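Have a look at the structure below, then the notes.
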Amino acid sequence: MAVRIPKPAFPDEYLVDNRVYTDPRTFELERERIFLRVWNFVCHESEIPNPGDYLTTLVAGQPLLLCRNEEGQLKAFYNTCRHRAAQVVLEKAGNSRTFTCLYHLWCYDLNGRLLGAPEAEAYTTSYCPGGLRKEDTGLVPVRSESMHRLVFVCFDEDTPALPEYLGELAEELRFPFSSPDFKVEVVWTKTLRANWKMQPENSRDGYHATLLHKRLRGVSPPRPFRLYPGGHALQRLGLDYEKGRKAGTLDGILAEQPELAEKFMAYPLPGLTREDPSKIVTLFPEVLFAIRYSTLIMERQIAIGPEETVFETRHAYLKSDSEEVRDIRRKHWMLYWAQDSGNLVEDWTAWEAQQRGVQSIGARYSLIARGEPAEEGLRGDDNRIRSFWKEWRRCMGTSTNAPS
C-alpha cells in the first residue's frame, strides 16, 4: 500500500519523524548510544543515609544495586550474582550488612566482595587447581559520582567526569539539593504507554504550560530560560497565587482552601527566594527537577521499551520540618503533582494520546518550529526542545530527528 506523506516546509532540525517514538531499533540504539554513555541520575544521598542502606533500580535495562558501606561511602554495583547471574537483591530498598543471592546463597559485603559460597571446595579441580578465587568473583562495580548530593551512574569509562558533564548548570542544582537538612523520598512510580522522549520534550515545552494546565494561568509567569551544552536547560518561573486567585484559575486544594496560598510561600526550600521562587531544570537525557519555592518534584524515567516507560517520582522536605510544615509542603506538592489530579495527570493523558497518534502512517512529522533560534529568552518557543534533539542527534550519530 502506498501512502503519500506530506512533509511540512521546515528544515529537518525543526521536524521530528514520528517513527522515533515507536521504532524498536531506534530504542535499542538509544540505549547503546545515549543511556549507556551518559551520566544517569538515580537517587539523592538522603535516600541511603546510613551504613547498610541500599536501593535497587534499573538504568538502560541494567539491574543496579546502590548502597552505603561501613565507612559511609556510596557504592554502585550490577545487581547480578557472579555465579549464575541471578539478581542478588530483590527488594526495592532496605538496610543490610550483607547481600545473599537466593539461588545458591552466594554472599557479598557492602563493598561487593564475595564473603562465601556454599561447598566452595568443589571448584578446586584438575582443570582449575586454584579453585574459586573470591577476589575475582565479587559484585561488578559501576562508575558512580555525586554532586550536590545527587547521585549519578555511568557505564562508559570514557565519559567525562560528572562535573564536566553537568557544566555550568551544576550551580543551579546546589540549592536546595546540597543542604544537609534536605530529605528526599520516592512517592510513587507510574508505568505509561508512552515513549521516554515525550517527557523531556514536555518538560522543555513552555507552549503547553498554560494551555493544558489551567491552574498555571496568571500564577507562573515566564522568566528567562537558558540553554546549556549537552542538551541541558533551565527555565526560571514566577510564582504568584494572588494573581491566580484574581484570574479565577486556581483549582484543587487552593480553590477549597485559598488561605493555603500564603502558607505555600512561607517556608522556602534552602536557597530559594521570593525574587527567584521557581525553576525547571532539565538534564539530558530525561531528568526533570521542577522547583516551586516550598516544594519540588524530581522525576526520572526507566525506559522499558519504545512504547513503555516507568516514571519514578520523588518529593522533598526538610528533616527539621515540623509535622505542620511538612503537611504544607505535601499539600503544595499535591496541587501540581497528585496522582489523581494536577499537572502530571494532564501530562500523562497528553503523552499517551501522543503515543497513540504517532502510530499514524499518514502524519509522519511533528513540529518543533516555534520561535527564532536563541540560547536565551522567554517561555513559549521550542528552543529548549530543539536543544534536546540537537544533543540526541549528536549522540545517535545522525543529522535528522529520525530513525537511522
Exercise. Against the longest principal axis of the chain, how steep is helix 383-396, in degrees 0 to 90 to the nearest 10, with axes from Cα atoms?
Worked result: 30 degrees
Exercise. Using only the Cα atoms, what convex hull volume per residue in Å³ does the range 297-404 have?
Worked result: 177 Å³
Problem set entry | Scattering profile of the range 102-203 at q = 0.14 Å⁻¹ [log10 I(q)/I(0), Debye over alpha-carbon scatterers] | -0.89
Seminar exercise, completed: Excluding residues fewer than 8 positions from Lys246 in its own chain, the lysines with Cα under 25 Å of it are Lys214, Lys263, Lys279, Lys331
Exercise. If you line up the long axis of helix 343-357 against the longest principal axis of the chain, both from Cα atoms, how many degrees apart are they, to the nearest 10?
Worked result: 80 degrees
Problem set entry | Computed over the range 90-157, Kirkwood Rh from alpha-carbon pairs, angstrom | 14.5 Å
Exercise. If one puts a single equal scatterer on every Cα of the range 1-158 and applies the Debye formula without solvent, what log₁₀ I(q)/I(0) results at q = 0.10, 0.11, 0.12, 0.15 Å⁻¹?
Worked result: -0.51, -0.58, -0.65, -0.86
For this session: Tell me, rounded to the nearest percent, the portion of alpha carbon pairs in the range 7-63 spaced more than 13 Å apart.
Result: 74 percent
Exercise. In nm, what is the difference between 0.36 nm times the number of residues separating Arg143 and Asp276 and their Cα-Cα distance?
Worked result: 44.4 nm
For this session: Please give the helix 323-337 orientation as an angle from the longest Cα principal axis of the chain, in degrees from 0 to 90, rounded to the nearest 10.
Result: 70 degrees
Problem set entry | Sequence-distant residues sharing a close amide H with Cys43 (under 5 Å, placed H) | Val151
Exercise. Please state the equivalent ellipsoid semi-axes for the range 122-276: what are the square roots of 5 times the Cα gyration tensor eigenvalues, largest first, in whole Å?
Worked result: 46, 19, 18
For this session: Check each of the GluC sites (Glu not before Pro) in the range 12-85 and keep only those in coil by DSSP with at most 14 other C-beta atoms within 10 angstrom; list them in order.
Result: Glu70, Glu71
Problem set entry | Given charges at Cβ of Lys, Arg, Asp, Glu: the range 308-404 dipole, positive-most of Trp337, Ser322, Leu378 | Leu378
Problem set entry | Sorted largest first, extent of the chain alpha carbons per principal axis (Å) | 80, 64, 36
Seminar exercise, completed: Candidates Tyr103, Tyr317, Tyr14; GNM for the chain (alpha-carbon contacts under 10 Å) flags as most fluctuating Tyr103
Seminar exercise, completed: Here the cysteines of the chain lacking a cysteine partner under 4.7 Å (Cβ to Cβ) are Cys43, Cys67, Cys107, Cys128, Cys154, Cys395
Exercise. With r defined as the distance between the Cβ atoms of Asp158 and Glu259 and R0 fixed at 45 Å, what FRET efficiency is calculated, to the nearest 0.05?
Worked result: 0.25
Problem set entry | Euclidean distance of C-alpha centroids, the range 90-134 and the range 193-238, integer Å | 47 Å
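Bear in mind these aren't lab numbers, they're just calculated from the coordinates by the rules spelled out. If you're wondering where the values come from, they're calculated on a predicted model, not measured in any experiment. We place every Cβ from the backbone using ideal geometry, glycine too, and count neighbours over all the protein chains shown.
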